[in-house]
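Right, one structure below, let's go through it.
Coordinate-derived values only; no laboratory data. What you are looking at is a predicted structure, and each value in this text was computed from that prediction instead of being measured. Quick reminder, even Gly has a Cβ in these numbers, built from the backbone with ideal geometry, and neighbours come from all protein chains shown.
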Ligand SMILES: Cc1ncc(COP(=O)(O)O)c(C=O)c1O
């Protein structure tokens, strides 16, 4: 065991300390690489160090450097190192946290994490939640809870409301939860990509009039496309008036509630019935760490609790929770430790400061890009996500060429999307490893890539 740990420690430290020098993406042909890794199950073992070589030398270099400082694509992840240590501990001890009685103290550590998250979003007594594998599963769990609470078993005529900017996992989850895609209304957004409340109100009235059963509004606290934050207070007022469940998808933006600017932008968040948070985004943790919070913990229980003779007695005191009673999973990893350890080690202020820095960096990049006459800021950062494009004729083509030329430099990795039918380049600053030096590099690369694209004509 020690020999394995020593070898792994060397490889990991070498890998992590060189993240900033590693290319932001890869140039190899992914299909060729993938095929070279295809193999049959071995009958005999292989020595450990050659397996490590295979992973670190052969496989890892052909990937986006998602843990590095230049990853400003999609929604960046993180990879705070103590979480990896926590996973090693959790997997090595391999205790069972699906039912409370199997490991009450370990379950309590995870419940502490959920309580901390509830406090971050402003939830009070009676609230609760569950750690999931990510935002998609959190959104699915929220829809299932809302369905059970507001529609009961006969939910065929239920209708839910999202905006045309809502993350696609919500539509996918709706179908997984038994609804047709046509039961998901995609309401238009305004010039800031926020849901249009007048259209939303009208759609609800129309559905009521047609005998359908509106039951759920999904608001966004930071959309993936442009970082837009819906007017959560107005959504909460409307949901209350119409007796609808309000779910807020804060997978990208939710943890900015730790900062003053973020919590001002997301005012009203605490009035949602459920909230998706993604620690593997806004808390910089490794992939596979999501959370769903609910204002009334009983809603999760009513949606998931069931019974079998061979199971141990479940807890009925709200202070003691059986995770299998409030979620779809029975056996699962001890994912709470992956959050508990770094938060205890660094304290929440460290995360707050890092998030504040991301807000500053996005604002700084916006100001820099605004000074480049050939570029136009398309969406300002509400949080830490902005987008821009090339001005003039053939702007889509030029903007695509610009994105390609920026990424070819391999210092940063950016992605594109469509805003109002036009192609834009996005910058999402959310890695705890991204600091001013990398943002300067990013702006330099944008300038150089633009000169190159313009010279090509
Ligand atoms: C706003 C939003 N919601 C949901 C998701 C889905 O989260 P996950 O990828 O963790 O399943 C994402 C992912 O980027 C997101 O940005």
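Over the stretch 1-71, what is the relative contact order in percent, taking alpha-carbon pairs closer than 8 angstrom and at least six residues apart?
Relative contact order, the stretch 1-71: 56 percent.
Between residue 153 and residue 233, 0.36 nm times their residue separation minus their Cα-Cα distance comes to what?
25.8 nm
When 453, 424, 80, 218 are ordered from fewest to most other Cβ atoms inside 10 Å of their Cβ, what list results?
Ascending Cβ contact count within 10 Å gives the list 453, 424, 80, 218.
With the contact rule set at Cα under 8 Å and sequence spacing of 6 or more, what percent relative contact order holds for the stretch 87-348?
Worked out over the stretch 87-348, it gives 29 percent.
Report the calculated FRET efficiency for residue 408 and residue 102 (r = Cβ-Cβ distance, R0 = 56 Å), to the nearest 0.05.
For residue 408 and residue 102, the calculated efficiency is 0.60.
How much of the DSSP beta bridge set in the chain is antiparallel, as a percent to the nearest 5?
DSSP beta bridges in the chain are roughly 55 percent antiparallel.
Calculate how many DSSP beta bridges within the stretch 145-251 are antiparallel, expressed in % of all such bridges and rounded to the nearest 5. Present the calculation step by step, with values, prior to reporting the outcome.
On the way: 2 of 15 bridges.
Around 15 percent antiparallel, to the nearest 5.
Any chance you could run the full-extension gain for residue 28 through residue 436? It's 0.36 nm times the residue separation minus the Cα-Cα distance, nm to one decimal.
144.0 nm
Cα centroid distance between the stretch 98-130 and the stretch 429-451, in Å?
Cα centroid to Cα centroid, the span is 38 Å.
Give me the one-decimal nm value for the distance between modelled label points at residue 374 and residue 38, 7 Å along each residue's Cα-to-Cβ direction.
Spacing of the two 7 Å Cα→Cβ label points: 4.3 nm.
At a 10 Å Cβ-Cβ cut-off, how would you order 191, 397, 329, fewest neighbours first?
191, 397, 329
When you take every Cα atom in the chain, what is the radius of gyration, and what is Dmax, the widest Cα pair distance, in Å?
23.2, 74
Just want to confirm a number: the relative contact order over the chain, from Cα pairs under 8 angstrom separated by 6+ residues, in percent. Don't jump to the answer; show the numbers that get you there.
On the way: 828 pairs, mean separation 98.5, N = 457.
Over the chain, the number comes to 22 percent.
According to a simple spin-label model (label point 7 Å from Cα along Cα-to-Cβ), what is the distance in nm between residue 328 and residue 63?
Distance between label points: 2.4 nm.
To check you understand DSSP bridge types, tell me what percent of the beta bridges within the stretch 87-348 (both residues inside) are antiparallel, rounded to 5.
40
Ignoring everything except DSSP H segments at least 4 long, calculate the 222 nm mean residue ellipticity for the chain; use -39,500 (n - 2.57) per segment, divide by total residues, nearest 500.
The helix-only estimate for the chain comes to -13500 deg cm²/dmol at 222 nm.
If you rank 100, 245 by fewest surrounding Cβ atoms within 10 Å, what's the result?
Final ranking by Cβ density, sparse to dense: 100, 245.
What length, rounded to one decimal in nm, is gained on full extension from residue 168 through to residue 7, with 0.36 nm per residue of separation minus their alpha-carbon distance?
53.8 nm
Take residue 367 and residue 349, extend 7 Å from each Cα along the Cα→Cβ direction, and tell me the distance between the two endpoints in nm.
2.6
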